[in-house]
Structure formats: structure tokens, C-alpha cells
Amino acid sequence: MHLAFETPKRAAGIALSLLGCIAGAAAWAHHGSSISYDTANLWTTWATVTQFNYRNPHPTMTFDRVVADGEIEHWVGELLTNPSTMARQGWTRRRTLEQLSPGTRVKLFVATSRAGGFSGIVMKVEDENGEEIGGVRPGLEGADLDGVPGGLQPSGEEVLPGQPVRQ
């Protein structure tokens, strides 16, 4: 009788352990930014925050940028960092939401989505005084494409991670 109760408990323990390993592997393999975004070719632009969301696994934001002829592009992006890193650097939820409230003008360092369009990962944020906001990625540089329609879009010639080399 004692063995009958041990076996189901042991099986449940093994199943939970395996489930934990699988979940841990999935979290560890969350994603690589270079697979989704062209992080080797950063560009900068001045933009106006329209919405900022301080959430896991990455904060997200929408922003508008004015390009040639006064046209407005509506962009979406995620920040490379995460809220726990931001908080350790002093960028609490409250402080970040105040600094990135709708209508705030910021300089963004962007890596465009490899799929193209008005989507990217924001690698660094600066205010109008050149001070970094959010502790995203200090020390980065990028090509100044302020006002250039579409920012830096993929050419379509680049071999993406996981694709066979073209000849």
C-alpha cells in the first residue's frame, strides 16, 4: 500500500520537474533582439511619445515622428531593457511614466524590424537635454535619420538569421 502512494507522488514530482525545465527553457529562449531587429544598423530620430507601457518582458511605446513635407509616421516599438533592470537603475514605474508621458519629445535610437514597416526596438532614449531616460543602453551611436521617411528600412538583400546563404 505504501508503494501505491509513492508511485503517483513520484510521477507527479517528475512531471512537475519536467514542466519546470520546459518553462525555464522557454523563458531563457525568450528571443534574441538581433533575430527580429537590425541591431547592427541603429539610427536616431526625434519623436513624440504617444503611449508608454511599463510592463514585462519589455516596455512598449508608440511614437510619432515628423518626416519630409510634415508627414507624420506612427511607430510602435519595444524597449530593449526590462522593468526590473530599469528599476535597479532608478527608473521606477512612476518615474519612467512621468518622463515618457504622452506628448514628450525624445531622441530615440532605433533598430528597425527586419520585416520592415514602422516597427522597431528602442535601444536608447534621450530627453531634449541629451540625458538618458530609462537606463536602456548607454553609449550607443546611430545614423541621424531625423526627418527621413521610414527611417532605416531593411533592403531585402540581407540574409536573415536562420536563412540559407544566397549565391
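Using 0.36 nm per residue of separation minus the Cα-Cα distance, give me the extension gain between SER84 and ALA143 in nm, one decimal.
Answer, rounded to one decimal: 18.3 nm.
For the ranges 122-130, 36-44, what's the packing order if you count other beta-carbon atoms within 10 Å of each residue, average per peptide, and put the highest first?
On the way: 122-130: 17.0, 36-44: 19.2.
Highest mean packing first, the order is 36-44, 122-130.
Indicate the gyration tensor shape class of the stretch 67-129 (rounded, prolate or oblate), computed on the Cα atoms with a ≥ b ≥ c the square roots of the eigenvalues: a/c under 1.5 is rounded; otherwise a/b larger than b/c is prolate and the rest oblate.
Oblate is the answer for the stretch 67-129, as a/c is 1.5 or above yet b/c matches or exceeds a/b.
Need the full-extension length gain, ASN53 to GLU157, defined as separation in residues times 0.36 nm minus the C-alpha distance. One decimal, nm.
34.1 nm
Give the span of the stretch 33-144's Cα atoms along each principal axis, as three whole-Å numbers ordered largest to smallest.
39, 31, 23
Residue by residue, what Karplus-based ³J(HN,Hα) values in Hz, rounded to whole numbers, does the stretch 67-82 have, using 6.51, -1.76 and 1.60 with θ = phi - 60° and x for Gly and Pro?
Working through the residues one at a time gives 10, 3, 6, x, 5, 10, 9, 9, 10, 10, x, 10, 8, 5, 7, 10 Hz.
In what sequence, highest mean first, do 66-74, 113-121, 143-151 appear when ranked by Cβ atoms within 10 angstrom?
Going by the mean number of other Cβ atoms within 10 Å, highest first, we get 113-121, 143-151, 66-74.
Rounded to whole Hz and in sequence order, give me ³J(HN,Hα) for the stretch 102-109 from the Karplus expression 6.51 cos²θ - 1.76 cosθ + 1.60, θ = phi - 60°, writing x for Gly and Pro.
x, x, 6, 8, 9, 9, 10, 10
None of the figures in this text is laboratory data; all of them are computed from the coordinates on show. Because the structure is a prediction, the values reported are computed rather than measured. All Cβ positions, even for glycine, are placed from backbone atoms using ideal geometry, and neighbour counts span all protein chains on display.
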